[in-house]
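Remarks on the structure that follows.
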Amino acid sequence: MTLIIHSVTIITLEQRDDIFQGYVVIEDHKFTKVAKGSPTEEEQQTASRILDGKGKWLMPGLVNTHGHLGSALLRGAGDDMPLMTWLKQVMWPNEAQFDHKTVLTAVQVAMMEMIKSGTTTFLDMYHLHMSDIAEIVIEKNLRAVLCRGMIGQCSQAEQEKKLAESTTFFKNYHGEGEGRVSIALAPHAPYTCPPAFLKRVAETAGKHHMMIHTHVSETRNEVDKHVSEYGIRPILHLKELGIFEHPVLLAHAVHVDETELTIIKEAEAAISHNPISNLKLGSGIAPLKQFHALGITVSLGTDSTASNNNLDLFEEMRMAALLHKGVNEDPTVTNAFDILKMATSQGATSLQIENTGVIAPGYQADFILINPATPHLTPNNEGTIMSHLVYSCKGSDVTDVFINGSPVYENEELRLFDEEKLLFNANLLAKKFI
């Protein structure tokens, strides 16, 4: 099937200010042509489907590199609490009561929210019903990295059981859905995973060639407690345990020193920056300026709806851009192009996904359309678009979402979800918890 979308303003994100009026041709899930002007008569005659973009903006889909979809029904629960209090009093007790229907309803509500706000790829770290979540990703034509989250504060037999579940999950689903599903190992955090268990995680990653994703150094208290207990900072400890011998994506990394940053850089590890969640939980502000100065790959994540409280990456981009200008008292610390790359191609790189995050021939056709005909996106001209996408745009401006060249959200309608039914069920189920 050949799809042509014309009459759009294309933001390729290949290079700064690479923005033009044109059209795209999509075949076999990938862009085969990205060009200025209009499609030729011959191209139109051979196309299976032609869409008039009507002046919308076409840009790469957004990539959310850290989240917990199964907890979506805890949105609004446990506000104004520090991380450990929130986990112990709100998250863990409620999640212990989640049944199959609760988790899968929450997951689909989160998926709908992400799709409608322009996310085409996401990472989910969760511990319940992961195989069913993978099946939903495949059925709904989504792209995701899925991780069976593992807390290691249990017996050695239970630790090995969790590792076995993770590797079986990897064998069953990695590369499924025409390559749209990836599986990673996910020890929850150094404060919930003893060193011996983390060493086993590293060994397992090497044996099966798996990426590792974990929370680390999210709060100052977490780091201080780790030093008090083990006599070493968390990231240096992870290195000693062999974690950085494999592809690694760290969530948060808020409280890191120069030695730890060097370890991350030398290991070619990546960081998922979650500014809104970090602010809401009072965890601190990650040193984005230093990340960029060292050339560390940094992407954006929302974390869960329970700590954000939404999954709109346009909000996350704006917060990331403005926050670091303010704390550094320097408006040049961030710029719109770099922030957009964090939310697109750098996100794909962080997740070990190739050929995603740019509008160019050979890249996966994961893209979104945005309606610029709104007051908050006016004036609308090519010179202001990059700025508007970061400082003015909202997830609700997204009208169409394509993944692998297929529409999952078109003309502001979800194609593969029964939104009304899912929201009704979600509100009923949530009454048990909040």
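The values are calculated or read from the model by the stated rules, or taken from the named source; none is laboratory data. All values reported here derive from a predicted model rather than from experimental measurement. Cβ coordinates were reconstructed from backbone atoms using ideal geometry, including for glycine residues, and neighbour counts include every protein chain displayed. Remember, those area values only see protein heavy atoms, side chains included, never the ligands or the DNA or RNA. Shrake-Rupley method; radii C 1.70, N 1.55, O 1.52, S 1.80 Å.
Numerical summary
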read-out	value
Percentage of interatomic Cα-Cα distances in the stretch 41-129 larger than 19 Å	57
Accessible surface of the chain, 1.4 Å probe, proportion on carbon and sulfur as whole %	47
Kirkwood Rh (inverse of mean 1/r, distinct Cα pairs), the chain, angstrom	22.0
Within-14-Å neighbourhood charge of P39 [Cβ basis; K, R +1; D, E -1]	-2
Reach of K207 by Cα under 17 Å, taken over lysines that are not fewer than 8 positions away in the same chain	K161, K162, K171, K199
Average projection area in nm² (convex hull over Cα atoms of the stretch 92-146, one quarter of hull surface)	3.7
Shape metrics for the stretch 328-399, restricted to C-alpha atoms - Rg then Dmax, Å	13.9, 40
Extreme residue, positive dipole direction of the chain, given options T302, L13, W92 (C-beta unit charges)	W92
Those residues of the stretch 257-290 whose amide nitrogen sits under 15 Å from the label point placed on T85, 7 Å along Cα→Cβ	280-284
Rh (Kirkwood; distinct C-alpha pairs) - the stretch 81-190, Å	15.0
Radius 14 Å from Cβ of L281, net charge of other residues (Lys, Arg +1; Asp, Glu -1)	-2
Additional length obtainable on full extension of the chain from E41 to T2, 0.36 nm per residue less Cα span	12.6 nm
Point-to-point label distance, D28-K325, nm (Cα→Cβ direction, 7 Å offset)	4.4
Accessible surface, 1.4 Å probe, highest first, among residues R233, R143	R233, R143
Accessible surface, per residue, of the chain when the full set of protein chains is kept, probe 1.4 Å, Å²	40
Three-way shape label, the stretch 272-423, alpha-carbon gyration tensor, a/c 1.5	rounded
For the chain, size of Cβ-based charge dipole, Lys and Arg +1, Asp and Glu -1, in debye	600
Gaussian network model of the chain, Cα within-10 Å springs - most flexible of T121, T32, T344	T32
Between the stretch 1-29 and the stretch 250-297, the alpha-carbon center distance in angstrom	33
Simple label model, 7 Å out from Cα along Cβ direction - H376 to K432, nm	3.5
Lysine pair count for the stretch 282-434 [Cα-Cα under 27 Å; pairs on different chains or 8 or more apart]	9
Cα lying deepest toward the dipole's positive end in the chain, options Q44, S396, P361, charges on Cβ	S396
Calculated diffusion of the stretch 139-261, Stokes-Einstein form, Kirkwood radius summed over Cα pairs, 37 °C and 0.692 mPa s, µm²/s	220
Interchain or long-range residues, amide H under 5 Å from E410's placed H	V401, R415
Residue with peak Gaussian network fluctuation, the chain [Cα springs, cutoff 10 Å], from H68, H376, H188	H376
Gyration tensor verdict on the stretch 1-63 (Cα atoms; rounded if a/c is under 1.5, prolate if a/b is larger than b/c, oblate otherwise)	prolate
Two-decimal ratio, the stretch 371-410, of alpha-carbon radius of gyration to 2.2 N^0.38 Å	1.31
Where V109, V327 fall by accessible area, highest first, once all protein chains stay in place (1.4 Å)	V327, V109
Extension gain, E354 back to N335 (0.36 nm per residue minus Cα-Cα distance, nm)	4.4 nm
Rounded accessible area of W92 (nearest 10 Å², 1.4 Å probe)	80
Most fluctuating residue given options G118, G395, G326, as computed from a GNM of the chain linking Cα atoms under 10 Å	G326
For the stretch 327-373 versus the stretch 146-199, the gap between their alpha-carbon centres in whole angstrom	28
Once the Cα gyration tensor of the stretch 179-329 is diagonalised, semi-axes √(5λ) in Å	24, 18, 15
Surface/4 of the Cα convex hull for the stretch 225-270, nm²	3.1
